[in-house]
Each structure stands twice: as C-alpha cells, then as structure tokens.
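What follows is one structure encoded as structure tokens, with my remarks underneath.
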Amino acid sequence: MSGGKEKKSSRSSKAQGWEEAGSEFYQESYPGDQMDNIHRDPSKLATLLPSKQRVATNRRGRQAQEFKTTRRRNSTLTATRTFRRGSHYQEIQVATLPDLSENLINESQTWEEIREIKAMPVHMAQKRELKNQLQNATKLRLQGFEQIKWKRRKAWQKIMTKWSEYLTKMELWRSSLKTIEGNFGTGVVAYFVFLRWLMVLNLLIFTIIFMFIILPQLVLIEPKDLPCDPNAPPVFDEKRSTANESIWIYANTSVQCCRETYLNEIKHNRSEFSILHLFQGTGFMEKTFLFYGMYTHQIYGYDPLANQQQQSYGSNSYNEGTSFMSNRNLDNFIVDENNSTNNNSTPFMNALLNFSDNNNITTTDLTNFTTWREFFSKLDIYYDLPLAYIIVTIVCYLYILVSIVKAVAHEFKDRLVEGEGQFYQYCNLIFCGWDFSLHNQKSAQIKHKALFNEIQGLMHIKRYEFERNNRTRDIMFKLILIRVLINILVFIILIVCAAVIFILFNISLSVIEPNFETVTRYRSFNVFMGQIKKFSSGTSELDQQFKILFYEFLPYLCIVIFNLLVPILFNYLIQFEQYSPLFVIKMNLFRTIGLRLSSLAVLISRFYYLISAKNENSNTECFNESYGTPMCWETFIGQQFYKLFIIDFATHILVTFFVNFPRAMIARHMNNAFARFIEMDFELSKHVLDVVYSQTICWLGTFYAPFLPAIAAVLIFFMFYIKKFACLVNSKPSTILYRASRSNSLFMIILLLSFSISIIPVVYAIAEIMPSRSCGPFRGLNSVWERAINAFEKLPKLLQDIIFFFGTSSFAIPCFIVLILFLYYYYSVSAANKHMVQVLKNQLVLEGHDKQFLLNRLSLFIKQQQEYQKRIQRQFYDQASTTTNSQQSQGINMDTIPPPLLPRAPRSETGSNDRSERSSIEIKHHSRMSKDIGDI
Amino acid sequence: MGNQPSQFTEEELRDYEDLTYFTRKEILLAHEKFKAISPEKVNHNKNAKLSMSKMMSTPELSSNPFADRICQVFSSAGDNTGDCTFEDYLDMMSVFSDQAPKSVKAEHAFRIFDFDGDDMLSKNDLKQVIQRLIGFNNQFSDLDMEQLIQNILEEADLDDDGSLSFAEFEHVIDKSSDFTNSFRIRL
C-alpha cells in the first residue's frame, strides 16, 4: 500500500501543486492594498491567477522576510503557513489544513519528505526548521515487511551516497576540468570529458583483451608443437583443393617449418637492442606479445604430440586449429614416441600447476581415478586461444559500437527534444546562454561578445536570407563557378596527397624490404630507387640505421605533415565560397576528414597489395618472397599502425610545444596586426579530429597489435595534458559559441563515422585474407574466420540448427516484417504525439486568450462595482445628512451599512448545504471581495 | 581542513547533508572556500555574514553578470543587500551543483532573472537580462532590442500576456539540453 502511495507522493506532482495553488487562490483573503493595485492596473490581477500563484506564493513570502513558510510539496506534508504582508496591514492567517490527526504519516513518508526538502527554494534555517518539524511530528511506525522495505531503501540510499562520494573522489582531472571550464566554457570542457571517456573506453577494451588473450598466453605453458620435418611427404590439402585442382602442402611449407624459419629470422636479423626498435616495433619488440605474430595457434591443455597417438581419444576433435596437420600425423606416427609418452595428453591444469604427469593414457574409465588430481588431469580442460582471439575481437568491437551508439542516442534524444527547438532558439540563447561556470574576466568579455554576435546573427538571419535570395544572376553564376572550381581544387589536392603518400610508401618499402624492388611492374621506378639506395647506403653503421629509420617513417611523416598543413589550405580556400559561418565549420570538417581517411585508405591499400598477392608457388614457400610480402604480414601491419600512432602522438607534442607555444608567446608580447594574425582560437573541431584520428588508427590496428588499446589509453592520458596546455596556454577562447550539447553530438558522430569506416578493412581481413603461415594464432588456415566456423561445427547439432535457422529466410523475412510493423507503429505514435502537442499548444494559447478576456471583464466589473458603491454611499450620505437633520437621535453608523448587492452573485445567506464545494468557494471569494470593496 | 578540527558539529553536518545536494566532504570543501573569502571573519564565526561585494569577489562570481542577483536571491538577510552567510553560500553551491535537478535550477534561474520580483519576467526584466548577457560594451539599438524581446515572447509567452510566468519559463527550460550544463558552478 505504501509503495504506491509513496510513489505518488514522491512525484510530488505538479498537478497537485496547481490544485493546491488553486485552492489557495480561493482561500486566501485579499488585503486591501492588492485590490487597490488591481483597480489601477488590471493586468496586475493576473498575478492572482493560479498559474502564477504557484511560484508566487513562495516568492512573495521570501521578500517579506518575517515569515515562516514551507512549500508544501505533498498534501500529506502539513505545515502552517503564515504570510505577513507589510506591517501596516493586518496579519492574515492563511488557511491550510494542519490536521495532523487526519493524515498521520508513517516513517518512510517522513523520510521521503525530508529528502525532498532540499529541493525547496527556501533558506537553510527554514529548511532545518522544517526538517525538525517533520522529525518531531507524530508518525506511524512501519510494521513488518514495510519496515524492512523502508530500511532497505534507506540503506540503499546510503550506499549510493557513499558510492557517489567515492566516485567524485576518484574522478580524474576534476580540478583541470574546472580550470578549463572557468576559462573556456562548457563547450570546450565537453571535449576534455570526451577525451576522458575515450581513455576509459580504451582501458576497458584492453582489460578484456588482457584477460582473455594476453594473460593465458603469459601464464599457461604452451604445448610443444610438432617438430619441423622437412623430409616428410607432402600432404593433401582438403580445404583448398577443388575438383579440378588439387593442392598439396609440402613439408617445408608446413606451419611448423614456416614458424621455425620465421623465428630464426627474427633471432638472427633483429636481435640487438636499439632504442630505435622501440619506435619501430621491430627487433626485440617483434618478439614480444605486442604484436599478433607471437601468439600461439595451440590449444592450451591439448598436446598435438600426444594427440598423434590418440586418434581415438575423446579430445581429438579439438584439433581443427591444425587441421591438415592431423592428416600428416598419420604418416608421422612414429615421430618422437618417447616425447609423447612423457609429455602426454591433456590438461591445462597440468601445465598450470606442474603436476607430475603420471597418468596413464589408456585409461579412459573415470571410475578408476583414485585422487582428485588424476580426476582433474583427466578432465578435458583446455583453453582455445585462437578461438578466444576471434571472440574477444568481436566482443571488443561490439562493445565499442554499443558504447558509441549509446552516447550518440543519448545526444540524439537531447537534440530531438530540443529539435522542436527551432522554436526556442531565442529563449535558449537568452536563458541558457551564459555559462555560470566561467570565472575568468577575459573569457567573460569574449563570451559577452560571442553572445552578442550570436544574437545579432540570429536577428539578422532573415536579412541574410533576403540577400541570398536576391543575388543577381551574374553574382550567382560567379559564386557557383567559384564553388565548383574550389571543390575540384580540393579534390585534386586530396588526390595529390594520396599519390604522394603512395609513392613515398613505395620508396620506403624498397629501402627496407630488399625484395620489394624485384617487382617487375615498377621497372622505371626501380632505377630511381637504385639511385636512392646508393645514396642511402651511408658510411657509418649509425648513419645507416638512421637512414633506415628515416625511410621507415617517411610515409607516416608525410601523412602527418599533410594532416597539419592541408587543413590550413582548406581554411584559406573556403573564404572564397561565401558559405554561412556554421556551414563553413561543417564543410571544413568534412574535407579534413576526407583528407585523413584518404591517406589511411592509401596506406591500407598498399598493405593489401603487399599481402594479397597470389602466390603461384604457395606450396613451396612460406610467404611470397619475390613479391616483398613480409614473413609475418600481420605483425608487419601491426608495426605500421604502431608507428603511425607513435608518430601522430609525437607531432602533437612537437606542434603544441615547439610551434604553437612560441607562436602564442610572440602573439602575447606583441601588440600589432601580426600578433593578431598568429594568435590562435581554440578550434574545437580540429582538436576533436586529432583525437578521433588516433583512435581510428588504434581500432584499425587492434587486431594485429593487441597492446594498442593500452598504448592508446596511456597516450590519451598524456594527450589530455597536451591539449590542456594547447587550450590554456596557447589559445584564447573562440569567438564561436560552442554549446555543450552541440559539440558533444559532433564528437560522437565523427567517432561513429570513423569507427564504421575503420571496421570495414578489419572485417575484410578477418573474413577473406589468408593468414600468414609462419606466425599468429591462425597459421595454416585459409582465413581467420575459418577458425570460428570450425568451432561452430563442433557445437551440438541442435544448437547448430537453431543458429542456422536464424540465418535462413524463413526466419529473416518474418523478422523483417515484424520489425517494419514495429517501426511503423512507433512512427505513427510519434506522429500522433506531435499532433497532440500541436493541439495542446493551441489550446494553451486559446486558454490564454480566454483568461485575458475574463480578466478584462473582471476588472471592468470591479470598476463598475466601485462606482456603484460610491453612488450608493453618496446617496446614503445624502440621505443620512437629510435624516440627521430631521432625526438626530438615531445615529446610524457607517459600519452597519449592508454590503452592496452583487449582481448575479449569490449572497452567502442563500448558500444552502447542497451546493457544490466549488460554488461555496465562489461565495466565499465574492463575499470577501465585497468586503474588501466595502473597506475602501 | 584535514588536521584542524571541523567547525561544525556532527548534528549540523548531518543537517547540511540532508538539506543540500552535497556529501560531507563537499560541505567541508565549500566551507573552506567560504572561509577563503574572508578568513578572519569566518574563523571567528563560522556562519559570519559577508557583504555582497565580498561575495562577488570570489572567482566563481566575479565575472558573472548576474552575480549581484545571485547573491540577492540566495541571501537570507531579506533587505536586498545580498549579504550571505555560509548557509546561504551552501544553498547557492548546492543549487549550482551537478546533482541538483533541473527543476530546482530552473526555479532559481527564474528568480535570478526576475529583477523586480513580481514573479513574472516582464519585458523590462528581459531587457535587463539581455543587456547583462551581451555586456555593457555591446549595445543593441532600441529597435533591435524591442524586436528581440518580441521574438522571445513569441516563442515562450503562451498566453499572450506580454510577460513570462514561471510555468512558461519552465516549459522553455525543459526543452533545452544546455541549461543544466550552463547553469552550473563546479565547487
């Protein structure tokens, strides 16, 4: 019972407030002065209306300070309310319902009400008084279950406060945010909050990856793979062979042998430690778990060696990771029998806890186990890392998608509510325009100016439109021509950038990968390359190393430089196009995104070209050496993204501290036109793009370099400080008005866009491209996805059927139809709601007019009343003077004059019991009015 | 605040906790800030009354065009001088905090904007609000100002009475997603 009641009361409904106010309207007596005002100014009467009264009662009380008031949020809250309006007028007791005996409230309600006090707009002293009053009031004790429920709620509340306190203490960068907000306003602070959000997202992603991929790899002991046996006969590859073509895998290209070659390669060529490797991701870095290549394709707790002998043993079925290997095993049955008996069979427990492996393989009967150890060692506990790798990747990307979409939806909802919002642009600007958090005089000045401009812009928008519509044909033609030309120019710039990156990437590759130059397609190019090579073959060892470093980073440097310089060019070009200011920002943003994505696209296409080359003799080679394909291309790509990420971050440092900082210093200490020219605004969109770009790189590379999210999180952490410096020291607040909601939705939409674009190559690579033979969890498979399919085939038949059913049209079509129906349903509901809003709005306006009309009538009526009364009084005086002349002894007093008759209004004497409440209130009202009038 | 004993009794702190949107830590922090305005006075009496000019010298209010109105609205002195005690200050910060719901903020915003205190935002009130918003260095022509106010009223004045009541004001604020963000002062 109390649950529902509480809910009702806790909502403390506006409706109640209105009713309450309404009754007050009737119950309150009108002091004479107010009526006086009303006579003079009928519009004052409006303040007596219920709609105005709700707040009015609180506020009026507030100004006259000697009162004791509470705002009754609930009808159950009983408090006496006394108003004192000025000292000359009599005190008027406002009738409220202080009937404690009637609605006794219980503890839980009291508690609820105490918690509501804080929302009341009264002073602390009054709040405290009210609280005491509530606490001391008699109340019912809750019984039984109710009591428990209330206690639980109380405890929950307490935990929540503790938790929020804890959270605020934990909140990162709280004071930094305050400083930024104080100087730049909420729009810019939203950007920094966004940075923090991204960092947390990256950390979460990394936690998932760490828990399920990296940790097992670190802790579990990898089972020994089959040894490389170059002399083994070739094996028929069932999966890749077709009817007309049969593919045989030769022993020297078996997964094991390729792996060995690769490891040797790393060991010999790239083992010495060098600080350069740290930035390149090569050398010793390549051997760490930083990159894809070092992850195992083995199933933990499952030994392929032992498996050879147990073709019939239960766990055999989990051998799909090395599918063709098991074919081979038949041939290699004799290999290393000693080893297999020692290091036999199963479990992951064995590896983890270093159990002595004395279990006999032939016993499959569980009842024979004597100890729990044996029991465990016989359980088929295994950890399938390759499968985990796929699942974790999918989960991570889904998680990212969901969290972005959630944020976007949230912003979108806000925008929708506001969206109607075109109506409220002036009000928004005026009432929500000022950032109360600003606490810097200079920024406040700029804010004033920005608001001024914005308001003026809004005011003159009609004028602009008029101008735009009235452009003469000549001007119009010229403008269109200019726009087309500039768009073509922008397009050309983009193509040139892409081409330059393409060429530089080739150059860099040809220097680093010696095999690359044998590509016949670039014969003429190779001559040029040869010269470069001659040049680059420097004298000393260190020189050589630095040159290689330079070439390795060349394309990325180029990308970053383009990212810095080309937007400036775009900025310059857009001046000629004469767009509206808001559109200029959007257009610039759009073009810059185009630039950044195109450079990434070129990069990825180069990678693709390298790795996707059809290897004619794939049977005899582990990788397409003649084509320049890296041995472990996944690691190679991981390295490239790692490099790009690092260099991107480095440029942020460089630009912020060594370019923009001196610039800002010069601008600050010089006071001329030049200073104004080099002074910088904090351009939000540009900085957002920086962050989103590095995040995109992270997403692209995560699959090939599982540590990338962690690196991203760390670098974003530092990025926060860099950007803070860029914001507080290097720039001055922008004259463009950034609103928190607007900029938030901007970030999220850009992020969503780049996420959806960056996921395409990753998905393609997972589904289509053949993983390299020599490294990674998926070596020997035709595609990464094949691993998932294999796992799927191992599922029970029923489950498979169910999942297959989801894929069939018999499920998809009804589902599709149902979805469409739902869509239509919600569409029509929203349309109806929109219509309803319109109707209600019209009604509101009509009521307003009605009210206006009634008020006018009422004031007119009061005036008439007054005159009528005066006339009566005058008549009476006349009469009295005549009568006093005649009968002096009677002595009629003024007080006994009967109240004037109200036309149409029933006299209070005639009000019988059966009248409705409403009319009795009316009577009261009228009689009071007449009394007031009588007083005058 | 750590080593020196708190100036508040347990009872008072609990009251403040119940009656504001703050946690205990934040209340103490607020008091630190209040003390920083005028250390000797507050040390003497923790609930000392500070004059409006003192209040307006705090960084949070110093550049706010509505600072005097804020002080007046939250002041419990009642004589429109805008002098504030610590409790008033706490009230103020509580309303401006992140935790305060939109409706509470809207109510106070309304009172801040209501210069003549007649519970309606009249044209005159709006004019003052706009003037303070754009700063006194910038001026709209009378015609523009008139037009602007007309536009505002057109948008928000649903009953056509030439001024905004609280209900109308709240309606507008409800539709604005920026309001909670902008009507906020971090402690």
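The values are calculated or read from the model by the stated rules, or taken from the named source; none is laboratory data. Just so it is clear, the structure is predicted and the values come from calculations on it, not from any experiment. All Cβ positions, even for glycine, are placed from backbone atoms using ideal geometry, and neighbour counts span all protein chains on display.
Tabulated data for the structure shown
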{"quantity": "Residue match in segment B:80-98 (condition: farther than 18 Å from residue B:19 by Cα, out of contact with any helix residue (DSSP H, G or I) (no Cβ under 7 Å at 6 or more places or on another chain) and at the interface with chain A (Cβ under 7 Å from one of its Cβ atoms))", "calculated": "no"}
{"quantity": "Long-range neighbours under 9 Å by Cβ, at least six apart or interchain, first residue within 14 Å of chain B (Cβ to nearest Cβ) and free of Cβ contacts under 8 Å to residues at least 40 places away in the same chain within segment A:844-869, second small (Gly, Ala, Ser) and surrounded by 12 or more Cβ atoms within 10 Å (Cβ to Cβ)", "calculated": "A:852/A:46"}
{"quantity": "Residue pairs meeting the criteria (Cβ under 6 Å; at least 6 apart or on separate chains; first of a type in the set (A, V, I, L, M, F, W, C), in segment A:140-151; second not in a loop (DSSP other than H, G, I, E, B))", "calculated": "A:140/A:106; A:142/A:106; A:142/A:107; A:142/A:108; A:142/A:150; A:150/A:108"}
{"quantity": "Residue in segment B:118-133 that is without any contact (Cβ under 8 Å) to a residue 12 or more places away in the chain, out of contact with any Ser or Thr (no Cβ under 8 Å at 6 or more places or on another chain) and at the interface with chain A (Cβ under 9 Å from one of its Cβ atoms) present", "calculated": "no"}
{"quantity": "Test: residue in segment B:76-92 that is β-branched (Val, Ile, Thr) and more than 20 Å from the chain's Cα centre (by Cα)", "calculated": "no"}
{"quantity": "Selection status of residue B:146, more than 7 Å from chain A (Cβ to nearest Cβ) and under 18 Å from residue A:842 (Cα atoms)", "calculated": "no"}
{"quantity": "Flag if residue A:473 is more than 7 Å from chain B (Cβ to nearest Cβ), surrounded by 12 or more Cβ atoms within 10 Å (Cβ to Cβ) and over 18 Å from residue B:140 (Cα atoms)", "calculated": "no"}
{"quantity": "Of residues in segment A:838-877 being closer than 26 Å to residue B:157 by Cβ and of a type in the set (S, T, N, Q), the one modelled with the highest pLDDT", "calculated": "A:859"}
{"quantity": "Which listed residue, of B:148, B:153, B:133, is outside the structural domain of residue B:80 (by TED's automatic domain parsing), of a type in the set (A, V, I, L, M) and under 16 Å from residue B:69 (Cβ atoms)", "calculated": "B:133"}
{"quantity": "Residue identified as at pLDDT 50 or above, within 60 Å of the chain's Cα centre (by Cα) and under 30 Å from residue B:161 (Cα atoms) among A:926, A:835", "calculated": "A:835"}
{"quantity": "Counted residues, segment B:134-145 - those being within 20 Å of residue A:428 (Cβ to Cβ) and surrounded by fewer than 21 Cβ atoms within 10 Å (Cβ to Cβ)", "calculated": "5"}
{"quantity": "Output for segment A:574-595, where each listed residue is closer than 14 Å to residue A:479 by Cβ, of a type outside the set (Phe, Trp, Tyr) and either in a helix (DSSP H, G or I) or at pLDDT 85 or above (or both)", "calculated": "A:574, A:575, A:577"}
{"quantity": "Residue B:37 being closer than 30 Å to residue A:160 by Cβ, among the aliphatic types (A, V, I, L, M) and more than 9 Å from every other protein chain (Cβ to nearest Cβ)", "calculated": "no"}
{"quantity": "Every residue from segment A:166-182 that is within 16 Å of residue A:725 (Cα to Cα), more than 10 Å from every other protein chain (Cβ to nearest Cβ) and assigned to a helix (DSSP H, G or I)", "calculated": "A:176, A:180"}
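Residue by residue, here is whether (1) more than 7 Å from chain A (Cβ to nearest Cβ); (2) modelled with pLDDT of 85 or more; (3) crowded, with 21+ Cβ neighbours inside 10 Å holds:
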site	(1), (2), (3)
B:151	no, no, no
B:155	no, no, no
B:162	yes, no, no
B:170	yes, yes, no
B:177	no, no, yes
B:182	no, no, yes
B:187	yes, no, no
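Residues are listed down the side, and each one gets a yes or a no for (1) surrounded by fewer than 18 Cβ atoms within 10 Å (Cβ to Cβ); (2) touching a residue at least 24 places away in the same chain (Cβ under 8 Å); (3) of a type outside the set (A, V, I, L, M); (4) under 26 Å from residue A:444 (Cβ atoms):
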position: B:14; (1), (2), (3), (4): yes, no, yes, no
position: B:24; (1), (2), (3), (4): yes, no, yes, no
position: B:27; (1), (2), (3), (4): no, yes, no, no
position: B:41; (1), (2), (3), (4): yes, no, yes, no
position: B:61; (1), (2), (3), (4): no, no, no, yes
position: B:64; (1), (2), (3), (4): no, no, yes, yes
position: B:67; (1), (2), (3), (4): no, no, no, yes
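Rundown of residues vs (1) in a helix (DSSP H, G or I); (2) more than 27 Å from residue A:158 (Cβ to Cβ), yes/no style:
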{"site": "B:8", "(1), (2)": "no, no"}
{"site": "B:14", "(1), (2)": "yes, no"}
{"site": "B:25", "(1), (2)": "yes, no"}
{"site": "B:36", "(1), (2)": "yes, yes"}
{"site": "B:43", "(1), (2)": "yes, yes"}
{"site": "B:53", "(1), (2)": "yes, yes"}
